[in-house]
Amino acid sequence: MGSMEFDFDTVIDRRNTGSVKWDLAEARLGYRDIIPMWVADMDFRAPEPIIQALRKVADHGIYGYAARMPSYYEAFISWMNQRFNWDIKREWIEFTPGVVTAVNLAVRAFTQPGDEVIVQTPVYYPFFSAVTCNGRTLLDNPLRLENGRYIMDLASLEKKMTPRTRLILLCSPHNPGGRVWNKEELTALGELCLKHGIIVVSDEIHSDIVYHGFSHTVFATLSPEFAQNSIVCTGVSKTFNLAGLAISNIVIPNADLRKRFHDEVAACGLTLSNIFGLAAAEAAYRHGKPWLEALLKYLEGNLDYLTDYIVSNIPGIKVVRPQGTYLVWLDCRDLPISGERARNFMLAEAGVGLEEGTIFGAKEIGFWRMNFACPRSILKQAMERIETAVRKLA
């Protein structure tokens, strides 16, 4: 459970706070009285040093244009060096209000209308709109689910590439499949992209949330050539639950790609950063590590609880156990339901607000994504609701 120092067990009421996850759950998901476990933010308070940093800004009372000071860069560079052994130069760093913004900007900066952009489904669904809303062509290379984990189908990928394929959107660690890609997989993908002149946009927003026995590899650290052919998107929003503060760090070692990206940022008028976001992110990078270590233990405890519960009580559901992220992909294809009923089952019959798999590009109905970053007592209620609904099917 929560350590002496950090409390992850206390339930904090998030209703009526303008929370997407809690206040928009009924409107967006269409059902009443659900436990919301959909949007990828956590039901935990941020670490105290971050709250203190935000209070200091709030108490000062002047919220003018915010400069990115040397201390901010130092804190971020140091974090990336210590955690991922990546030596970043300050001039490589660009800023966007979020990683989704960065992915859209990259699509606009590095492709022309009609060009092809690769995604590997099931994947974080804003990837789809980043391609299609900008008038580019989506090239889907589905991942293969083998022995309870997803793997990349690189043979299939190479066959699908054409002279108009310009970009791949890599989700690393993978959301919703939970894979922490290993060096061999990333290297094979990177070589293929170099061979065909395809730029890699690596969304690494979940890179700090990795479980025991696995380690995250930043794509750009694998070789100087990969570094020159990639845009690495990072930030504190998932790690420290700061998504509402709208700040991300986009690292682009290649000067030409960086200029093209920066020009797109400028063309969209996105060059400023939020004064609260900068203060919170710097505090997170400087002082957040002890809290993060405790969080990872708690999340892994939640994952063990959830997995054991399903194995013991709901054998019709298979857990695709994540190696990283606080999201778990549940394979419910063996439940005795199909079609629309299967598509609505968790919301309509279990009363648990999960996200249905086809929105991530899953080819079959019956997968659900669950966010387990909540106090254990809420997770327990959700599991009991799911068990009750499944037993009624028998």
Ranked F372, F127, criterion: other C-beta atoms within 10 Å, fewest first = F372, F127
ask   = From Cα coordinates alone, what are the radius of gyration and Dmax values for region 308-357 in angstrom?
value = 11.4, 31
ask   = So, by mean Cβ neighbours within 10 angstrom, what's the order for 141-147, 344-350 with the highest one leading?
value = 344-350, 141-147
request  = Return the distance in nm (one decimal) between the two label points of a simple spin-label model at N313 and S71, each offset 7 Å from Cα along Cα→Cβ.
outcome  = 4.8
inquiry  = Only Cα pairs within less than 10 Å get springs; with that Gaussian network setup on the chain, which residue of A40, A382, A155 has the largest fluctuation?
reply    = A155
inquiry  = Using only the Cα atoms of region 50-287, what are the Rg and Dmax in Å?
reply    = 17.7, 58
query = Ranked by Cβ crowding within 10 angstrom, fewest neighbours first, how are E48, E387 ordered?
reply = E48, E387
ask   = Taking the DSSP beta bridges in region 50-287 as the whole, what percent of them are antiparallel, to the nearest 5?
value = 45
task = May I ask you to derive the relative contact order of the chain, considering only C-alpha pairs under 8 Å and at least 6 residues apart, and to give it as an integer percent?
result = 23
message = On alpha carbon coordinates alone, what is the Rg over Rh value for region 62-131, Rh being the Kirkwood radius?
response = 1.07
query = Which length gain, in nm to one decimal place, applies between K259 and L393 when the Cα-Cα distance is subtracted from 0.36 nm times their residue separation?
reply = 42.6 nm
note = Taking V236, V352, V20, V210 and counting other beta carbon atoms within 10 angstrom, the fewest-first order is V20, V210, V352, V236
message = Let me spell out the model: positive unit charges on the Cβ of Lys and Arg, negative unit charges on the Cβ of Asp and Glu, origin at the Cα centre of region 50-287. What dipole size does that give, in debye rounded to 20?
response = 220
query = What residues have an amide H closer than 5 Å to that of T121, excluding those fewer than 5 places away on the same chain, when H is modeled at 1.01 Å from N in the peptide plane?
reply = N141, L143
note = Note: probe point = Cα of R28 + 7 Å toward Cβ; backbone nitrogen < 15 Å; residues of region 231-245 passing the test are 238, 242-245
remark   = With the label point 7 Å along the Cα-to-beta-carbon line of I151 and a cut-off under 13 Å to each amide N, the hits in region 361-394 are none
ask   = Can you tell me the Rg and the Dmax, both Å, for the Cα atoms in region 99-186?
value = 12.9, 39
request  = Estimate the FRET efficiency between E191 and H212 by the formula 1/(1 + (r/R0)^6), using the beta-carbon distance for r and 30 Å for R0, to the nearest 0.05.
outcome  = 0.50
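Taken together, the values in this text are just the output of simple stated rules run on the coordinates, not laboratory data. Since the structure is predicted, the reported quantities are computational estimates derived from the model, not experimental observations. Here the Cβ is made from the backbone with ideal geometry for all residues, glycine too, and neighbour counts use every protein chain on show.
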